[in-house]
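What follows is one structure encoded as structure tokens, with my remarks underneath.
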Amino acid sequence: MKTKNVISKILILAFVIGFGVLCAFTGKITDPVGTLWSLFPPVVAIGLALITKEVYSSLFVGVLVGGLLANGFSPLKTVDSITNDGLIASVSGTAGIFIFLVVLGVIVALLNNAGGSQAFGRWAAKHVKGRIGASLATFAFGVLIFIDDYFNCLTVGAVMRPVTDEAKISRAKLSYLIDATAAPICMIAPISSWAAAVSEYVPEGQDGLSLFIKAIPFNFYSLLTFVFIIAITLMKFDYGPMRLHEANALKGDLFTFGGEVKDEDEVEYDEEEILDKSHAKVIDLILPIVVLIGVCVYALYYIGQSGGLGFAEAFGNTDATVGLPWGGLITLIFVMIYFIARRLVTFKQAMACIPKGFKAMVPAILILTLATALKNMTGLLESDTFVKLALSGAEGLSNFLPAIIFLVACGISFATGTSWGTFGILIPIVLAIFPVGSTLGIIGMSACLAGSVCGDHCSPISDTTIMSSAGAQCDHINHVSTQMPYSLTVAGISFVCYIISGFVSNWVIVLPIGVVLTILTLFGIKVFTKKAA
């Protein structure tokens with residue numbers, strides 16, 4: 001095991017150095033803007049994170065490298081750029097999401113302390129049977145929360161942790177189930193914050209929501225990820241680093257590496273303040289979540305419906321950074337009043353949950369801040385210009401373009417840690433390459449969206465990946481290292497499907513081929529891992 005770890009670290013370090021050498025050949029370090037150098041900072045951050053298994057310092061080093069490149073290695077300009085263009089801009093740009101995270105943290109603390117989570121756990125122990133049942137229940141619950149991926153990650157994690165812990169499913173596997181459901185379901189749901197973002201990036205004169213819906217059947221990575229989850233769960237096996245985590249979970253160790261990410265939501269009370277929570281029911285968990293979903297959906301609609309837009313159009317015009325905290329705050333007030341009225345918590349106990357909820361979200365907020373700052377540094381280096389020039393040279397390979405676009409989107413999303421930023425860069429370029437309304441153009445757009453999700457899944461600096469770790473209370477690097485082999489397996493199959501779809505532009509034919517390939521691949525891996533064992 002130690003030898004394998006050393007070899008993997010050497011390979012990662014060699015890749016980072018090799019990438020730097022390649023950058024030196026393709027662009028001057030004194031003028032890195034719009035060249036391959038623009039992707040070097042995130043490559044450094046990702047490489048260090050995988051080698052050191054420490055994400056905070058790795059992200060900061062990536063931000064520092066980006067600041068140095070963007071400012072010609074001037075110390076004062078670099079500090080100013082990192083502070084203003086990086087950190088301050090990242091906080092101000094994502095303040096709404098930070099508020100939503102804190103509100104969700106407080107709601108989760110209230111649910112735990114009121115006994116709602118425990119009541120649901122008792123119910124699930126009777127009705128959700130075994131590891132297969134717990135895994136499929138987690139997947140199904142994730143599919144139901146299709147409005148927003150942040151909301152999905154944290155809510156599913158809070159609700160299903162007691163269930164998967166009871167079933168002896170590792171936190172790494174729970175993180176995977178959350179992450180592999182959250183972004184893909186949002187990417188194929190016409191009414192979601194992701195659909196709204198995609199519609200926003202479509203050039204004027206084209207119906208963004210209509211194009212998004214037409215692209216859904218060709219979003220092979222998202223759809224085949226669902227097939228993969230169901231198949232590997234029913235086949236009862238795992239491979240890669242996940243295999244060790246799951247084997248240890250069966251022995252009672254849910255974390256394997258990095259120590260337990262402890263749940264610190266439980267508030268300590270004076271003895272005279274303790275209330276009887278034995279009468280807590282499943283409804284005490286379900287009702288707050290239903291209210292949260294309902295209010296957030298209405299909030300997203302309300303924010304986007306200015307000008308008399310219809311329901312679907314409103315979601316194409318909404319702002320999730322405003323709508324989600326809007327809905328979260330209303331839900332928080334409702335939950336506090338409800339639990340106090342039910343005599344599950346006192347007013348003092350409810351107030352004590354506020355700093356506890358905030359504290360639980362500090363690691364996720366810190367990582368998200370640094371990851372966004374890194375994205376801002378990459379933006380200063382104009383990575384979108386480099387990508388546009390790189391893609392323009394591939395226009396002659398029209399039938400292979402969907403597969404090429406998928407790979408490019410994977411690479412950008414992995415390096416930058418943002419799927420939204422990736423399809424924001426690529427969608428205008430992709431739609432400009434193909435004739436307006438052509439089937440191949442729709443496939444190309446879908447390849448862009450699918451690749452964005454895939455790279456996002458593999459990247460340790462992705463916000464959704466960070467949220468999945470937070471939702472499952474799992475060590476972040478554990479989540480990244482165990483999820484990557486699964487994501488790459490589906491990515492490989494999706495790449496083959498995009499090659500086929502470049503010649504056979506019919507999802508009714510290509511998608512079933514992808515499903516069969518996914519199942520056959522898993523059977524092959526299962527046989528191989530058994531022989532290797």
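The values are calculated or read from the model by the stated rules, or taken from the named source; none is laboratory data. Computed from a predicted model, the values in this text were never measured in an experiment. Because the Cβ atoms are built from the backbone with ideal geometry, glycine has one as well, and the counts that use them run over all protein chains shown. The protein model used for the area step is the full one, side chains on, heavy atoms only, and it has no ligands, DNA or RNA in it. Shrake-Rupley method; radii C 1.70, N 1.55, O 1.52, S 1.80 Å.
Residue count for region 300-323 under the criterion of being of a type in the set (Gly, Ala, Ser), open to solvent by less than 40 Å² (accessible area, probe 1.4 Å) and either closer than 13 Å to PRO190 by Cα or at pLDDT below 75 (or both): the result is 5.
For VAL335, the requirement of being at pLDDT 75 or above, farther than 29 Å from ILE477 by Cα, hydrophobic (A, V, I, L, M, F, W, C) and surrounded by fewer than 24 Cβ atoms within 10 Å (Cβ to Cβ) is not met.
In region 210-247, the residue that is modelled with the lowest pLDDT out of those that are of a type in the set (D, E, K, R) and assigned to a helix (DSSP H, G or I) is LYS214. Filtered by the rule that a residue be in contact (Cβ under 8 Å) with a residue 24 or more places away in the chain, within 21 Å of LEU292 (Cα to Cα) and open to solvent by 40 Å² or more (accessible area, probe 1.4 Å), region 344-355 gives a lone residue, ILE354. Checking the structure you have, find out if any residue of region 449-462 is in contact with a Phe, Trp or Tyr (Cβ under 7 Å, 6 or more places away or on another chain) and of a type in the set (D, E, K, R). Taking every residue of region 449-462 in turn, none turns out to be in contact with a Phe, Trp or Tyr (Cβ under 7 Å, 6 or more places away or on another chain) and of a type in the set (D, E, K, R). Just one of the listed residues (LEU426, LEU401) is at pLDDT 75 or above and in contact with a Ser or Thr (Cβ under 8 Å, 6 or more places away or on another chain), namely LEU426. Among the residues making up region 404-428, a single one is surrounded by fewer than 24 Cβ atoms within 10 Å (Cβ to Cβ) and either of a type in the set (S, T, N, Q) or touching a Pro at 6+ places or on another chain (Cβ under 7 Å) (or both): PRO428. Scanning region 429-461 for residues being closer than 20 Å to ALA371 by Cα and crowded, with 24+ Cβ neighbours inside 10 Å gives a total of 10.
On inspection, GLY357 does not qualify as of a type outside the set (A, V, I, L, M), within 28 Å of ASP80 (Cα to Cα) and part of a helix (DSSP H, G or I). For region 485-499, enumerate the residues that are more than 21 Å from GLY444 (Cβ to Cβ) and open to solvent by 10 Å² or more (accessible area, probe 1.4 Å). Of everything in region 485-499, those that are more than 21 Å from GLY444 (Cβ to Cβ) and open to solvent by 10 Å² or more (accessible area, probe 1.4 Å) turn out to be PRO485, LEU488, THR489.
Among the residues here, SER175 does not qualify as part of a helix (DSSP H, G or I) and surrounded by fewer than 21 Cβ atoms within 10 Å (Cβ to Cβ).
In region 510-518 there is no residue that is part of a helix (DSSP H, G or I), under 23 Å from the mean Cα position of the chain (by Cα) and modelled with pLDDT under 90.
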